[in-house]
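Derivation of every value follows stated rules applied to the coordinates shown; laboratory data play no part. This one's a predicted model, so the numbers in the text were calculated from it and none came from an experiment. As a convention, Cβ positions derive from the backbone with ideal geometry for all residues, glycine included, and neighbour counts pool all protein chains shown.
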Amino acid sequence: MKYKSVFDIIGPVMVGPSSSHTAGAARIGRVARSVFGREPKRAEITFYGSFAKTYKGHGSDVATVAGILGFDTYDRRLKDSFAIARERGIEIVLRTSDELTDHPNTSRIRLMDERGSVEVVGISIGGGKIEIIEINGFPLKLSGSAHTLMVLHEDRYGMIAAVSNVLTKYQINIGHMEVSRRERGHQALMVIEVDTVVGEQAVQEIEQIPHILGVSVLLPT
């Protein structure tokens with residue numbers, strides 16, 4: 001992995017002890033919260049690999065819950081996240097798994113309430129940096145460090161062009177785009193990292209495109 005600056009090696013401003021096991025875990029939790037779009041009633045967290053073996057000593061568990069609560073990596077409430085979650089009526093279920101994964105620092109987070117659920121799989125790649133590699137079964141690669149537009153749509157021709165045309169209209173530059181599908185001809189997930197904020201008006205126009213099933217915007221973590 002290439003680092004752009006010394007701060008990528010040192011890690012972010014954070015409550016320690018580990019940039020990968022604490023700050024990274026918190027950021028994965030925050031992305032899961034952002035994808036869910038609201039405070040959940042229940043959070044199921046599964047740790048794999050190194051996370052599963054060392055989460056207690058490195059605080060990966062309290063950090064993940066802090067992220068789910070919306071706390072940043074430097075928020076001093078991080079160490080009290082389980083107690084705060086209980087106060088807010090959020091049920092936390094923590095599991096570890098011996099299943100082999102492609103990356104040693106992997107966590108799976110499922111958030112739910114009476115309105116629905118979302119499942120996010122993320123990896124902590126060092127220096128507080130993360131990648132989200134799966135959302136609701138759709139494989140992808142999301143850094144969590146950019147403004148991100150997520151578009152769920154029917155898997156058919158013309159969808160990328162239709163969404164891109166709206167972004168062009170509002171002079172929103174695309175930095176990275178991926179389209180993932182579980183099965184040909186059914187549903188697909190378009191993930192677009194952009195350089196600027198995607199405003200409400202642009203979101204509404206995208207929602208009006210035929211065959212669009214859902215649109216959400218994720219802010220940088």
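Per-structure values
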{"quantity": "Selection from ALA162, LEU149, LEU218, by position along the positive dipole direction of segment 75-221 (Cβ)", "calculated": "LEU218"}
{"quantity": "Over segment 89-219, relative contact order from alpha-carbon pairs under 8 Å, at least 6 apart, %", "calculated": "23"}
{"quantity": "Viscosity 0.692 mPa s, temperature 37 °C, Stokes-Einstein D of the chain from Kirkwood C-alpha radius, µm²/s", "calculated": "183"}
{"quantity": "Residues HIS153, HIS211, sorted so that the one with the fewest Cβ neighbours within 10 Å comes first", "calculated": "HIS211, HIS153"}
{"quantity": "Ranked list, fewest to most other Cβ atoms within 10 Å of each Cβ, for HIS103, HIS176, HIS186", "calculated": "HIS186, HIS176, HIS103"}
{"quantity": "Segment 157-221-segment 100-123 distance, computed between alpha-carbon centres (Å)", "calculated": "22"}
{"quantity": "Residues whose placed amide H lies under 5 Å from that of ILE125, excluding near-sequence neighbours", "calculated": "ILE130, GLU131"}
{"quantity": "Dipole moment magnitude, nearest 20 debye, segment 147-218 about Cα centre, only Lys, Arg, Asp, Glu C-beta charged", "calculated": "200"}
{"quantity": "Calculated [θ] (222 nm, deg cm²/dmol) that DSSP helices of n ≥ 4 give over the chain, each run adding -39,500 (n - 2.57)", "calculated": "-8000 deg cm²/dmol"}
{"quantity": "Cα-centre dipole for the chain with unit charges at Cβ (Lys and Arg positive, Asp and Glu negative), debye to 20", "calculated": "440"}
